[in-house]
1. Could you please find all residues in the range 372-385 being buried (at least 17 other Cβ atoms within 10 Å of the Cβ) and touching a helix residue (DSSP H, G or I) at 6+ places or on another chain (Cβ under 9 Å)?
2. Look through the range 87-104, keep the residues that are aliphatic (A, V, I, L, M) and in contact (Cβ under 8 Å) with a residue 40 or more places away in the chain, and return whichever of them is surrounded by the fewest Cβ atoms within 10 Å (Cβ to Cβ).
3. Within the range 316-345, track down each residue that is over 30 Å from residue 402 (Cα atoms) and among the hydroxyl-bearing types (Ser, Thr, Tyr).
4. Just for the range 440-493: of the residues that are part of a helix (DSSP H, G or I) and of a type in the set (D, E, K, R), which one is most open to solvent (accessible area, probe 1.4 Å)?
5. Suppose the filter is touching a Ser or Thr at 6+ places or on another chain (Cβ under 7 Å), part of a loop (DSSP other than H, G, I, E, B) and within 29 Å of residue 198 (Cβ to Cβ); does residue 53 pass it?
6. Check every one of the strands (runs of 3 or more DSSP E) wholly within the range 163-251 and list those with 1 or more residues that are among the β-branched types (Val, Ile, Thr), open to solvent by less than 50 Å² (accessible area, probe 1.4 Å) and touching a residue at least 24 places away in the same chain (Cβ under 8 Å).
7. I need the full set of residues from the range 12-36 which are in a loop (DSSP other than H, G, I, E, B), over 29 Å from the mean Cα position of the chain (by Cα) and crowded, with 17+ Cβ neighbours inside 10 Å, in order please.
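The values are calculated or read from the model by the stated rules, or taken from the named source; none is laboratory data. In this text the structure is predicted, and so the values were computed from the model without any measurement. So basically every Cβ, Gly included, is an ideal-geometry build from the backbone, and we count neighbours across all protein chains shown. For the accessible areas, the whole protein counts, side chains as well, though only heavy atoms, and no ligand, DNA or RNA atoms are used. Shrake-Rupley method; radii C 1.70, N 1.55, O 1.52, S 1.80 Å.
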Amino acid sequence: MRDQKQRKVEFGDFQTPISLAREICSLIVRSGFHPASILEPTCGTGSFLKASLETFPNVSRVLGFEINPRYVSQAQQAIAQTSHHASIDVYQSDFFFTNWSEVVAVLPEPILVIGNPPWVTNAALSMLGSNNVPTKSNLDNLRGIDARTGKSNFDISEWMMRKNIEWLMRKNGALAMLCKTTVARKVLLYAWQNDLRIDSASMYLLDAQQYFGASVDACLLFLRSAPNGQSQECRVFHSLQAQCPESVFGLQDGMLVADVTAYRKWKALLGYGLRGWRSGIKHDCSKVFELRLESGRFVNGLGEFVDLEPEALFPLLKSSDLATHRKPRRWMIVPQRTISDDPGHLRLDAPKTWNYLVGRAHLLDKRQSSIYKNRPPFSIFGVGPYTFAPWKVAISGLYKKLEFVKVPPFQERPTVLDDTCYFFPCESEEECNFLYELVMSDPARSFWSAFIFWDAKRPVTAQLLNSLDLMALIRVLGKECEIARSLAERQIVEYTAGSYQPLLFREETAGYGSDTGS
């Protein structure tokens, strides 16, 4: 039992039930695809091989590959029970060291590549010290902060499925793979962007908890390849039995969109290079930076009562607070005005706060993100003049709904947000109310919905929010006015401090330059 659990962790080892394999093969038959050969690159105990032999009577060549010798034996036993005229072989082989071009070159077309590749990331395998990984690489050549903050982490299945589709390029074939929905979209995006000749693509959602005991959004990705394939859309079905798609996503104008129809309707609202929406503050040490009030005294996450300068403290809202429309229940220590500031100024401006941070430096030094390397002690990110705007319109990046919240000052202090939230800074209540009306309008919500995949880890991002051109929206709604122009200009020109200037940062008013760190 322990060995089985370890395999699930290390190899993403979720064996496909034979009932599910049969259901998928039946779906392929209903699609009208009839393979001459079948290849399963990670065949496990052989469920797909067995179901394929039962379902496709005219197939002439069947190949299975598997790294685990015990599974190879089980797969061989499974297909031995099937009466079929095809030439069938199951080999022990490591996916990452197999010469797949030679394997695929001799297979008769149409080719069906089928299976259930490992559901695990390269980072998870590296933490375990596993060698069951491809050559270490930054999969999409990400640079700078994107690579350092984890965007270069990828699912092993994504790497494998990219290879699967490359094998089929300019061939008559099909790919049928079980995977996470996020992986399916990434693989299709890669194929579309690299002109890998997809003729059609469909995603069938399934209950991973029912079949694998896994709490993850999963699907069957079924696509057809052809030498002249040019499709850049994918139909989404709510189940393996569904006859009609519930939506269509695809590549439009070089972008992956969740709803092709909605995008085409509202694409005139699309803006480029805009930056008004911001992420909240990132600090990665809530026990030190976040405080709550108990009997009129501040308490940190370690249970310690602390006495700090009020100028260094700001009321805090998190995603859960926005979702429930709560007033601030926590306060955050904000040691900087911009990411380029050195918190060392607290020695003079707020000595009690400085001594508090120094006394807990051992905890702050343990922050693992590489963005803190070569930065002054106690640095935070996602902070700039916009952080201290008196009013804001905010939204959670984690919750599965497009619901905006008006954020007023609290106890005469500007409210700050953590890095699970996004916000647009406003100089007045009137401006905040106007922006709220804009973003809650049907055109705005329909536009954003065209891009949102709600099963993503963070469906709403600053990049998504900034893709909407506020001036274009204002024109569509017929709401041109001075406030409208001010908001629209702020989306183009970097936000600078307006009427509010935090007392802690009273000495400098110049140098509020662009903040590239949030």
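1. Correct list: 372, 378, 379, 380, 381.
2. First pass over the range 87-104, keeping only residues aliphatic (A, V, I, L, M): 88, 90, 103-104.
With the extra rule that they be in contact (Cβ under 8 Å) with a residue 40 or more places away in the chain, the set shrinks to 90, 103-104.
Working: 90: 24, 103: 16, 104: 20.
Among residues in the range 87-104 that are aliphatic (A, V, I, L, M) and in contact (Cβ under 8 Å) with a residue 40 or more places away in the chain, the one surrounded by the fewest Cβ atoms within 10 Å (Cβ to Cβ) is 103.
3. So in the range 316-345, the residues over 30 Å from residue 402 (Cα atoms) come out as 335-336, 340-345.
Once the filter is applied, which keeps residues that are over 30 Å from residue 402 (Cα atoms) and among the hydroxyl-bearing types (Ser, Thr, Tyr), the range 316-345 yields only 340.
4. Filtering the range 440-493 for residues that are part of a helix (DSSP H, G or I) and of a type in the set (D, E, K, R), the one most open to solvent (accessible area, probe 1.4 Å) comes out as 475.
5. Criteria not met by residue 53.
6. 198-207, 233-237
7. Passing the criteria: 33, 35, 36.
This table checks each residue for (1) in contact with a Pro (Cβ under 6 Å, 6 or more places away or on another chain); (2) β-branched (Val, Ile, Thr); (3) not in a helix (DSSP H, G or I).
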| position | (1), (2), (3) |
| --- | --- |
| 79 | no, yes, no |
| 85 | no, no, yes |
| 90 | no, yes, yes |
| 104 | no, yes, no |
| 108 | no, no, yes |
